[in-house]
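One structure below.
The values are calculated or read from the model by the stated rules, or taken from the named source; none is laboratory data. Just so it is clear, the model here is predicted, and its values are computed rather than measured. Counting neighbours? That spans all protein chains shown, and the Cβs are built from the backbone with ideal geometry, glycine included. Surface accessibility is based on the protein's heavy atoms, side chains included, excluding ligands, DNA and RNA. Shrake-Rupley method; radii C 1.70, N 1.55, O 1.52, S 1.80 Å.
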Amino acid sequence: MLLGNGWTGLHNACHKNSAAAIRELGRDDRCIPAMVNMETGSGETAVMLATQEGHMESVVEMARITGTDFGTKNSQGQTLLEVARERNYAQLVQFLEERSEEERLNTQGERSTPQLAPDVAAITLGSLRLRDIADELENIEAIEAVLVSEEISMQEKQNEEIESLEARHQEEHTQLEESHAREKTQLRTKQEEEKEEQTNMRSTNIKRKSELERQMQAHFSSCATSAPSTSSTPSPDVPECPVCMEEMKPPMQIFNCRNGHLTCADCRPKMTIAICTICRTEFTGRATAVEQMLRQMFNCQ
């Protein structure tokens, strides 16, 4: 309970006018009269310090502590009543005067009936203690009521925070599921579009390949059954450029890709990317065999 420079917890509580702290300290078993009436370095007891500050509540609580010396004096030799009068603490003066009068009457009663003094003192002390106990019980009940109220309020606030957190979590979960569903749908749509595009490209390649094979077959059949003649008309089975769709007649230069697809010399330089428009492979060079065959078909040198 010692805080330094002779100050105790009671000195500090009286200085801050904390009646509740004084009450709790007074219930401590270590709060004996020697500790209650301990003086600071400047010669002030706790009750003197409360009187000098004009703290009525603290003085009343100190009066309830057994052993408090109300006859104490400060370093100037002033009593509690003299200090209160000097500083014009009217209520405190009235309390100290009434208490002094009660002590005087109690003293006279003890002198007039000495044989009853022990019993009267016991009864008075018991009454004081019962009153203190009753006051303390009321304070405890009030504190318990406040604690219960605060506990209920805290529980309600906690429940509200939990509900708010759960609602926010559920909302975020729903938004996440909706976002996942949208992304999944977009991905499926994109995959279907790419698959359809590949199917269309494959179908186009198959048709183009069949057409070229038919044209080549027709050409070879015509060459095998017909004799070369200078007056013969050109065969209609002339390959067409897949870009400009024009027949590639001599002396047109013809280029081919790795898979044998043909392109005319007019379209080949115009391509931004030098790849076959049918199979998307690079061009390998001139299709000289096809050019030679066409020159023979048209009797060109």
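Do we find that residue 51 is under 15 Å from residue 14 (Cα atoms), of a type in the set (Ser, Thr, Tyr), open to solvent by less than 40 Å² (accessible area, probe 1.4 Å) and free of Cβ contacts under 8 Å to residues at least 40 places away in the same chain in this structure? Criteria not met by residue 51. Across region 29-45, the qualifying residues are those that are open to solvent by 50 Å² or more (accessible area, probe 1.4 Å) and assigned to a loop (DSSP other than H, G, I, E, B), and the one among them that is farthest from residue 75 (Cα to Cα) is 29. Of the residues examined, residue 49 is not one that is more than 59 Å from the chain's Cα centre (by Cα), modelled with pLDDT of 80 or more and of a type in the set (A, V, I, L, M). The residue pairs whose first member lies in region 266-293 and is at negative phi, whose second member is loosely packed, with under 13 Cβ neighbours inside 10 Å and at pLDDT below 85, and whose beta carbons are closer than 8 Å, counting only pairs six or more residues apart or on different chains, are 268/274; 282/274; 283/274.
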